[in-house]
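Q: Here it is, the structure, as structure tokens.
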Amino acid sequence: MPTNLHRTLVAFTTGVTLLGGCLGGTPTTTSPSGGGKQTGGGEVSTGGTTTGTGTGTGTTTTKTPVDPNQVNLDARVIDYGQAARTASLKLLGELPTADDLATVKDAASYATLIDKYLADPRLARQLLSFFQDEMKVGGPATGTGTKMLPSKDTAPTYAAELVVNDMDFRQIFTGTTNTCPTLDTTTGTFTDAACDPTNGQPAVGVLTDPGVQSAMFSNLGMRRVRWLQETFQCTKFPAEFAANGGVKEGNGLYASPWPFTSVTGGADARVNFQDTSGVICANCHTTMNHIAPLFANFDAQGIYQTTIQVVVPIDKNPTAVLGDWLPAGEALSYRFQQPAPTITDLGAKLAADPATAQCQVARLWNWAMDKGEIVTDAATVPKGTIDTVLTSYTSNGYKLKAALKATFTHADYVKF
């Protein structure tokens, strides 16, 4: 597979120092080749016999550092045939046919083949698998009756449908209809469907998906917020940092832009998010606590209810109340000074955030390049590496098909 340019490069510096007569005098040293002499000034004569008075200073000649990784990268050559093989395995899940390979002669014919793959019905099942991995959910509905758990495939299927049908991918956060489709992986055919009734909560892309909400059910809804951050922002919490670098708070540095008292805390709190005895909880929870209540009404089956369904992890596991997250009067928000009073507002904020677009393109890049998971494996992608792919995505109506083509035709992808 192509070598990824964003790996860490380590430079090894070597130098050669030619020392003259450190103590002065008139040292005269015959060169090993016999063609000249080294004088006290540290310079090598290439012919004849030259003497000089040593000054003890000498001159230093430093070789240009050689980066072995760059040497390997520079040694790569374009191989469209090999690129076609790896692209076919990713996009179709199968090796290319001999006829397909016979068509690949140059950049234009290779790009035409990628277009063919992006229109192939087999692409749908490959994208379903990709989004199952990205979202960490997948599998059919299980259980019966009141213990019935919804399908975990609907959210990744909705994402795959948006790509295959060449739609604005931001609908993953804003879609209002048919957000729980199914896929026939044999034919590549999607069947639209609405999610289960949600007691008045409108559909908001995958944010209200029952499978996701069921899979991420947890105390105080924190796992749902973490899922949102890591899946679509590609970073762990803390998600926000103060411009001044933070201030001393208790035993550590408080580096969030939010007021320290914007989350619940103190001796009377059931969970003290202002605790500073160990880690500074508020560094993460000033952001998390302003989002989590939005998902608190989804029950263990992922269905939105009219009351809070999550519990507080203390004795007897009492049902949470808004005051467990935030002080009275504190508004729900996506980020500091970005209010998001509803899930619909939260979805709109996510869709508009440049970090969301960059994250999705970076995940596609790592998939194509066979790299690890961005968050858990720390397989991050520098923005400069994917700038052209990101531009293809954002300038083409936020359609991920454009990003896929830009990735699989990228100069780094076709070199081996």
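The values are calculated or read from the model by the stated rules, or taken from the named source; none is laboratory data. None of these values were measured; they are calculated from a predicted model. FYI the Cβ positions are ideal-geometry reconstructions off the backbone, even for glycines, and counts take in every protein chain you see. Accessible surface areas use protein heavy atoms only, side chains included; no ligands, DNA or RNA. Shrake-Rupley method; radii C 1.70, N 1.55, O 1.52, S 1.80 Å.
Q: I need a count of the residues in the range 206-226 that are open to solvent by less than 20 Å² (accessible area, probe 1.4 Å) and either assigned to a helix (DSSP H, G or I) or closer than 20 Å to Asp377 by Cβ (or both). Lay out the reasoning, then the answer.
A: Of the range 206-226, the ones open to solvent by less than 20 Å² (accessible area, probe 1.4 Å) are 206-214, 216, 220-221, 224-225.
Then drop every residue that is not either assigned to a helix (DSSP H, G or I) or closer than 20 Å to Asp377 by Cβ (or both), which leaves 206-208, 210-214, 220-221, 224-225.
Of the residues in that region, 12 qualify.
Q: Out of Thr276, Thr286, which single residue is over 28 Å from the mean Cα position of the chain (by Cα) and not acidic (Asp, Glu)?
A: On the way: Thr286 fails: over 28 Å from the mean Cα position of the chain (by Cα).
Only one candidate passes the filter, namely Thr276.
Q: Sticking with this structure for a sec: Out of all the residues in the range 338-374, which are within 23 Å of His410 (Cβ to Cβ), part of a loop (DSSP other than H, G, I, E, B) and β-branched (Val, Ile, Thr)?
A: Filtering the range 338-374 for residues within 23 Å of His410 (Cβ to Cβ) gives 354-374.
Among the residues that remain, those that are also part of a loop (DSSP other than H, G, I, E, B) are: 369-374.
Once the filter is applied, which keeps residues that are within 23 Å of His410 (Cβ to Cβ), part of a loop (DSSP other than H, G, I, E, B) and β-branched (Val, Ile, Thr), the range 338-374 yields only Ile374.
Q: Residue check: is Thr407 of a type in the set (Ser, Thr, Tyr) and either open to solvent by 50 Å² or more (accessible area, probe 1.4 Å) or not in a helix (DSSP H, G or I) (or both)? It would help to see each step written out before you state the result.
A: On the way: of a type in the set (Ser, Thr, Tyr): yes; either open to solvent by 50 Å² or more (accessible area, probe 1.4 Å) or not in a helix (DSSP H, G or I) (or both): no.
No: the conditions fail for Thr407.
One line per residue, one yes/no per condition, for (1) surrounded by fewer than 22 Cβ atoms within 10 Å (Cβ to Cβ); (2) within 19 Å of Leu128 (Cα to Cα); (3) modelled with pLDDT of 95 or more; (4) of a type in the set (Val, Ile, Thr):
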residue: Gly347; (1), (2), (3), (4): no, no, yes, no
residue: Ala351; (1), (2), (3), (4): yes, no, yes, no
residue: Ala362; (1), (2), (3), (4): no, yes, yes, no
residue: Met369; (1), (2), (3), (4): no, yes, yes, no
residue: Thr380; (1), (2), (3), (4): yes, no, yes, yes
residue: Gly384; (1), (2), (3), (4): yes, no, yes, no
residue: Asp387; (1), (2), (3), (4): yes, no, yes, no
residue: Phe416; (1), (2), (3), (4): yes, no, no, no
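Q: Just need a number here: residues in the range 259-271 that are open to solvent by 40 Å² or more (accessible area, probe 1.4 Å) and more than 17 Å from Ile291 (Cα to Cα). So that I can check it myself, show each step before the final result.
A: Step one: list which residues in the range 259-271 are open to solvent by 40 Å² or more (accessible area, probe 1.4 Å), which gives 259, 261, 267-268, 270.
In the following step, the residues that additionally are more than 17 Å from Ile291 (Cα to Cα) were identified as 267-268, 270.
Adding up the residues that qualify gives 3.
Q: Under 6 Å by Cβ, and 6 or more places apart or on different chains, what pairs join a residue from the range 149-160 that is closer than 16 Å to Thr174 by Cβ and in contact (Cβ under 8 Å) with a residue 40 or more places away in the chain with one that is open to solvent by less than 20 Å² (accessible area, probe 1.4 Å) and among the polar types (S, T, N, Q)?
A: Tyr158/Thr179
Q: Hey, could you check the range 280-295 for residues that are of a type in the set (S, T, N, Q) and part of a helix (DSSP H, G or I) and say which is surrounded by the fewest Cβ atoms within 10 Å (Cβ to Cβ)? First the steps, then the outcome.
A: Within the range 280-295, the subset of a type in the set (S, T, N, Q) is 283, 286-287, 289.
Next cut, part of a helix (DSSP H, G or I) only: 283, 286-287.
Working: Asn283: 23, Thr286: 28, Thr287: 25.
Only one residue fits best here, namely Asn283.
Q: Moving on to the next point. Which condition from (1) farther than 30 Å from Thr198 by Cβ; (2) open to solvent by 20 Å² or more (accessible area, probe 1.4 Å); (3) hydroxyl-bearing (Ser, Thr, Tyr); (4) in a loop (DSSP other than H, G, I, E, B) is the one that Ser256 breaks?
A: (2)
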